[in-house]
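Q: Here's a structure for you.
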Amino acid sequence: MPRKNGPVERHCLVSRSVFPVDRMIRFVCDPDARVVPDLKGDLPGRGVWVIATRDAVEEAERKRLFSRGFKAQVTVEPGLADRIEALLEERALSSLSLARKAGLVVDGFASVEASIGGDTLACLVEARDGAADGRRKLLQAVKRRFGDSEALPLVASFDASQLSLALGRGHVIHACLKSGRASTGFLERADRLERFRTGRDAKAPLFERADIGL
C-alpha cells in the first residue's frame, strides 16, 4: 500500500513498467542484507518494487535482480514466492474473520440462498474443494435476482478447512458477505492473493472471476 503522501506508482524491478503501488510488492533489506517482503509498504529503508505476481517474484530471484535493484549484494532465501503467498493468504483469511466479527458473514447453503434473495451483498465465498453443483445453484439464485450470474464477485481461493477455521464454524462450504467496510477489505485482500497466484493483469478491474458455464 502507498505511504501517506507517497508516490502512487512505481517501476517494477522485473518489467521496468509502471504500475499502481497497490498492485505491487515492496521489498526491503533487513540488517543482515536479506530481502524481506513489505506487504504493508511501511517498513523503513530503501525499497524496490515488483509487480505482485508469483512469476515476477520468481524471475527477480532467478535473475538476481534484487542485488541490482538495491545496488548491493543481498540474500534471497529460497522459497520467497511461497512465503509471500502464505502471507497474502493469511491476511485475506484474517480479513474474513474480521468480517465475521462485524456480523457481515452468512454461511450454509440455505442461509446464503436466502441472503441472495434479499440482502445487499458484497460477494459470495465458496470452498474451492466444494461440489460444483451447490455453487452452480447459488449462482443460479444470483441470476434470478440480478439477471446475471456474475453480478456478485465469487471468491473461491480457500478450501473448506481454511474457511471453517477463519469463521469458527464446522465444515464451511458456502458463505456470503453482506456489504460493509470489513467485506470490502476482505475482497481487496482476496483479490490481491488471486492476482499473485494467477498473474492476472495488474491493471484489470477488481476481482474478476472465471465463468463456470451456467
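Q: Out of the residues in the range 78-100 meeting the condition of being of a type in the set (D, E, K, R) and without any contact (Cβ under 8 Å) to a residue 24 or more places away in the chain, tell me which one is surrounded by the most Cβ atoms within 10 Å (Cβ to Cβ).
A: 90
Q: Here's a follow-up. Test residue 10 against the criterion of being in a loop (DSSP other than H, G, I, E, B), in contact (Cβ under 8 Å) with a residue 24 or more places away in the chain and either hydroxyl-bearing (Ser, Thr, Tyr) or more than 25 Å from residue 163 (Cα to Cα) (or both), and give yes or no.
A: Spelling it out, it is not the case that residue 10 is in a loop (DSSP other than H, G, I, E, B), in contact (Cβ under 8 Å) with a residue 24 or more places away in the chain and either hydroxyl-bearing (Ser, Thr, Tyr) or more than 25 Å from residue 163 (Cα to Cα) (or both).
Q: Could I ask something else about it? Of 105, 21, 36, 50, which residue is farther than 30 Å from residue 125 by Cβ and among the β-branched types (Val, Ile, Thr)?
A: 36
Q: Considering 138, 152, 124, which residue is touching a residue at least 12 places away in the same chain (Cβ under 8 Å), assigned to a helix (DSSP H, G or I) and in the same structural domain as residue 183 (by TED's automatic domain parsing)?
A: 138
Q: From the list 100, 26, 83, exactly one residue is assigned to a strand (DSSP E or B) and within 30 Å of residue 158 (Cα to Cα). Which is it?
A: 26 is the lone residue from the list that is assigned to a strand (DSSP E or B) and within 30 Å of residue 158 (Cα to Cα).
Q: Something else now. When the range 47-77 is examined, which residues are found to be part of a loop (DSSP other than H, G, I, E, B), farther than 19 Å from residue 89 by Cβ and in contact with a helix residue (DSSP H, G or I) (Cβ under 7 Å, 6 or more places away or on another chain)?
A: Across the range 47-77, the qualifying residues are 73, 74, 76.
Q: While we're here: Considering the range 49-60 alone, what residues qualify as being within 10 Å of residue 14 (Cβ to Cβ) and not polar (S, T, N, Q)?
A: Matches in the range 49-60: 49, 50, 51, 55, 56, 57, 58, 59, 60.
Q: Can you name the residue in the range 107-121 that is hydroxyl-bearing (Ser, Thr, Tyr) and in a helix (DSSP H, G or I) and, of all such residues, is nearest to residue 163 (Cα to Cα)?
A: Result: 111.
Q: For the range 59-77, which positions are of a type in the set (Asp, Glu) and either at positive phi or loosely packed, with under 15 Cβ neighbours inside 10 Å (or both)?
A: The answer is 77, and nothing else.
Q: Name the residue that is surrounded by the most Cβ atoms within 10 Å (Cβ to Cβ), counting only residues in the range 155-179 that are in contact (Cβ under 8 Å) with a residue 40 or more places away in the chain and charged (D, E, K, R).
A: Ranking the qualifying residues of the range 155-179, first place goes to 178.
Q: Ok, one more. Just to be sure before I move on: is residue 207 modelled with pLDDT under 95 and not assigned by TED's automatic domain parsing to the domain that holds residue 96 in the structure I sent?
A: yes
Q: Follow-up. Would a scan of the range 184-199 turn up a residue that is among the polar types (S, T, N, Q) and in contact with a strand residue (DSSP E or B) (Cβ under 8 Å, 6 or more places away or on another chain)?
A: yes
Q: So for the range 114-128 (the condition being under 19 Å from residue 153 (Cβ atoms), touching an Asp or Glu at 6+ places or on another chain (Cβ under 8 Å) and small (Gly, Ala, Ser)), does at least one residue qualify?
A: Looking for residues that are under 19 Å from residue 153 (Cβ atoms), touching an Asp or Glu at 6+ places or on another chain (Cβ under 8 Å) and small (Gly, Ala, Ser), one finds at least one in the range 114-128, hence yes.
Q: With the condition kept exactly as written, say whether any residue in the range 37-56 is touching a His at 6+ places or on another chain (Cβ under 6 Å), over 24 Å from residue 177 (Cα atoms) and either surrounded by fewer than 13 Cβ atoms within 10 Å (Cβ to Cβ) or without any contact (Cβ under 8 Å) to a residue 40 or more places away in the chain (or both).
A: No - not one qualifying residue is present in the range 37-56.
The values are calculated or read from the model by the stated rules, or taken from the named source; none is laboratory data. These numbers were taken from a predicted model, which means no experiment stands behind them. Ideal geometry is used to build each Cβ from the backbone, glycine not excepted, and the neighbour counts take in all protein chains shown.
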